[in-house]
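J.: Submitted below is the structure of interest, expressed as structure tokens.
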């Protein structure tokens, strides 16, 4: 199954705006180059695309997302693209720090050597710090005409980013010390993977002025997407190819990591993936949106091979 | 020369509020303990004290700083204490990351083993990330009733934190590749040390609704304080004692670091410290404040032995 058509459409806008943010960053060339190496390495951009699509779906309009070169100062309505980029910067910083030798010690990311392999550990630590910092700066500066929204978005993104660190801490506990239960792994995944996906949807909801009921559904959808994404990631670690994955497969089993596959077996993990897909799909009718993009995305994550 | 009397007064309020923020952090005990190890390790708290004192001096009032246990929601005026704590969290994260083996590789900080020595590198990286993230969360949550101020403070703090990373990048360039000039070192120090001190004063100015002229003077004062602080730090690396310093002296010379002492010699550095002190003192009459605290502080930094 291919990605929904509009995916590439939004992905391109995010790429363009991220490049602009990087160009305008008030830092020297060495730091800009290091941050850019990871930030502009492609990737699925799933979180920003999710934010932009949900915003358009909730507001039934595309216009604000289709003029990324104009400053948000020109708009009466805030442009969700800045929030999408801030979110992607938080995600990228987390990948850079997670890949460090002291953490997951990964050599490959998105098909290329990890940042610390090409620029050194010190620069990788600092580039991650700079991207995390810039995410707050972007929200504060780009939503300056909408300070209440800026404050809400900063709170949502910071809270999610903090949960993500907590998830990484849970993940870093030696495998032998972790409770080997689906419940523990579920909480870990809700923090490590679900928090930022939930942030994508709840930030979209905040920009679209959604009410509490909708925001609750968006939270649920984000959590299911996180679970689905991680279960398929665990499955791909067993079944995937290094070239397509862009990272080294087979590491989870080698490190005896706590994953849905090591807990439930390959077949059990596949069944859980299907159940989680169905749970995610069941949210869509509760939202007043055209569900097609999300139907396609949920099925794509479920069926993906990279 | 002793610290000004009111220093300890403000320091205590900051300690108490930081402990509360730590208690309320939505993370598990392992991460809370690691973050708390560094955040509650004492230290001079110079940045938050500077912020609180400048706020009181500019507004001619003490009340908002003297009720840290009350929520800022109870106040018509925003409480500068939250900004002071956010600033200290950014400073603490930077110390944790700077101390890492891949960076300065320091074993001692504030008289105790560095965080990565007691909790491991992975936890030190994550605790730093969590503190940086929490600083944005605190500003967004605690100034929720003043969203324009929250946005301004987030922009000021993020911008300063980004400059600080840039300063650290400049500092990390191998000593042999750095221009060995006072100009280069001055820019490095403005970024690495001056940015957060300037943020302390400009955040105070923002909370106090200061005008552009005052904010300009506060910027200058912050920059001079940063220079003075770093020059005396460089001098203490040669003349200080490990027990009082709380870190290992003599490392700068051993690593052939670019410092004011290695550039100008001990006597030259001392002369530069005195000139910088005088420049800082010359700002005070331009501000409509009782200058006594700042007179004392500037002289204290100039004369300090730890």
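The values are calculated or read from the model by the stated rules, or taken from the named source; none is laboratory data. The model shown is predicted, which means the values in this text are computed figures rather than measured ones. Cβ: placed from backbone, ideal geometry, glycine included. Neighbour counts: every protein chain shown.
J.: For region B:212-236, how many residues are free of Cβ contacts under 8 Å to residues at least 60 places away in the same chain and over 16 Å from the mean Cα position of the chain (by Cα)?
T.: Number satisfying all stated conditions: 6.
J.: Can you name the number of the only condition in (1) closer than 20 Å to residue A:141 by Cα; (2) in a helix (DSSP H, G or I); (3) without any contact (Cβ under 8 Å) to a residue 24 or more places away in the chain that residue B:209 fails?
T.: Going through (1) closer than 20 Å to residue A:141 by Cα; (2) in a helix (DSSP H, G or I); (3) without any contact (Cβ under 8 Å) to a residue 24 or more places away in the chain one by one, residue B:209 breaks only (2).
J.: What are the residues in region B:6-34 that are closer than 14 Å to residue B:133 by Cα and surrounded by 14 or more Cβ atoms within 10 Å (Cβ to Cβ), if any?
T.: B:21, B:22, B:25, B:27, B:31, B:32
J.: Let me ask something else. Could you pull out the residue among B:68, B:78, B:48 that is crowded, with 16+ Cβ neighbours inside 10 Å, within 30 Å of residue B:123 (Cβ to Cβ), modelled with pLDDT under 95 and in contact with a helix residue (DSSP H, G or I) (Cβ under 6 Å, 6 or more places away or on another chain)?
T.: Of the residues listed, the single one that is crowded, with 16+ Cβ neighbours inside 10 Å, within 30 Å of residue B:123 (Cβ to Cβ), modelled with pLDDT under 95 and in contact with a helix residue (DSSP H, G or I) (Cβ under 6 Å, 6 or more places away or on another chain) is B:68.
J.: Let me ask another. Taking the condition of being modelled with pLDDT under 95, more than 14 Å from every other protein chain (Cβ to nearest Cβ) and in a loop (DSSP other than H, G, I, E, B), how many residues in region B:1-40 meet it?
T.: Adding up the residues that qualify gives 4.
J.: Continuing with the same structure: Would you say residue B:177 is out of contact with any helix residue (DSSP H, G or I) (no Cβ under 7 Å at 6 or more places or on another chain) and within 12 Å of chain A (Cβ to nearest Cβ)?
T.: Criteria met by residue B:177.
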